[in-house]
Amino acid sequence: MNIREALRNKKRGVKETKHKISAWRIYGEDTVVLFYENWTFSSANLHKLIDYLAMVDRLVIALPARTSDDIVFQVANLQVVDGVLLCEDAIGTAEELNVAQIAFEGFETLKLSEEAQLRLLLL
């Protein structure tokens, strides 16, 4: 597998991401799915990724479906990122990914179920 294929393999849909997280969990690895409303490259965001990764074994970044290919490529290139997920509805996707811990950056209000709130990580 070359670098291009490896980067493409990081980008997955909701169903594929859920299966991948389940596979990691079999091996005892915890995952956080970090939802960003608007991703920007900044030292603060990069430090935040490292802080989240310090709490779990795997880090998946969830971006809005409208995110440009350039940003997706840049995020996939980050060594600390194990997966990139593009989604239309962050709350619905968070509810569906019930095998991972979740975190949100840049969202004003969140209406999560009680079960999802138990999986919520805050920094």
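The values are calculated or read from the model by the stated rules, or taken from the named source; none is laboratory data. What you see is a predicted model; the values in this text were computed from it and never measured. Cβ coordinates were reconstructed from backbone atoms using ideal geometry, including for glycine residues, and neighbour counts include every protein chain displayed.
Tell me, which residue of the range 10-59 that is within 12 Å of the chain's Cα centre (by Cα) and among the polar types (S, T, N, Q) is nearest to ALA103 (Cα to Cα)?
So, considering only residues that are within 12 Å of the chain's Cα centre (by Cα) and among the polar types (S, T, N, Q), the one nearest to ALA103 (Cα to Cα) is THR31.
For the range 93-123, which positions are more than 20 Å from ALA23 (Cα to Cα), over 13 Å from the mean Cα position of the chain (by Cα) and not hydrophobic (A, V, I, L, M, F, W, C)?
GLY106, GLU108, THR109, LYS111, SER113, GLU114, GLU115, GLN117
Being touching a Ser or Thr at 6+ places or on another chain (Cβ under 9 Å) and either farther than 21 Å from ARG8 by Cα or charged (D, E, K, R) (or both) is true for just one of VAL33, VAL75, VAL99, VAL60. Which residue is that?
Of the residues listed, the single one that is touching a Ser or Thr at 6+ places or on another chain (Cβ under 9 Å) and either farther than 21 Å from ARG8 by Cα or charged (D, E, K, R) (or both) is VAL99.
When ASP51 is evaluated against the numbered criteria (1) assigned to a loop (DSSP other than H, G, I, E, B); (2) at pLDDT 90 or above; (3) among the charged types (D, E, K, R), which criterion, by number, is the only one it fails?
If we test ASP51 against (1) assigned to a loop (DSSP other than H, G, I, E, B); (2) at pLDDT 90 or above; (3) among the charged types (D, E, K, R), just (1) comes out false.
Conditions: (1) under 14 Å from the mean Cα position of the chain (by Cα); (2) at pLDDT below 90; (3) not β-branched (Val, Ile, Thr). ALA90 meets all but one. Number of the miss?
Looking at each condition in turn, ALA90 falls short on (2).
Kindly provide the set of residues from the range 1-53 that are within 18 Å of GLU95 (Cβ to Cβ), out of contact with any helix residue (DSSP H, G or I) (no Cβ under 7 Å at 6 or more places or on another chain) and hydroxyl-bearing (Ser, Thr, Tyr), ordered by number.
Correct list: THR17, SER22, TYR36.
Among the listed residues VAL33, VAL80, VAL72, identify the single one that is at negative phi, crowded, with 18+ Cβ neighbours inside 10 Å and outside any helix (DSSP H, G or I).
Selected residue: VAL33, the only one of VAL33, VAL80, VAL72 that is at negative phi, crowded, with 18+ Cβ neighbours inside 10 Å and outside any helix (DSSP H, G or I).
Per-residue answers, yes or no, for (1) in contact (Cβ under 8 Å) with a residue 12 or more places away in the chain; (2) under 14 Å from LEU34 (Cα atoms):
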site: VAL56; (1), (2): yes, yes
site: ARG66; (1), (2): no, no
site: PHE73; (1), (2): yes, no
site: ASN77; (1), (2): yes, no
site: ALA94; (1), (2): yes, yes
site: LEU97; (1), (2): yes, yes
site: GLN101; (1), (2): yes, yes
site: GLU105; (1), (2): yes, yes
site: LEU121; (1), (2): yes, yes
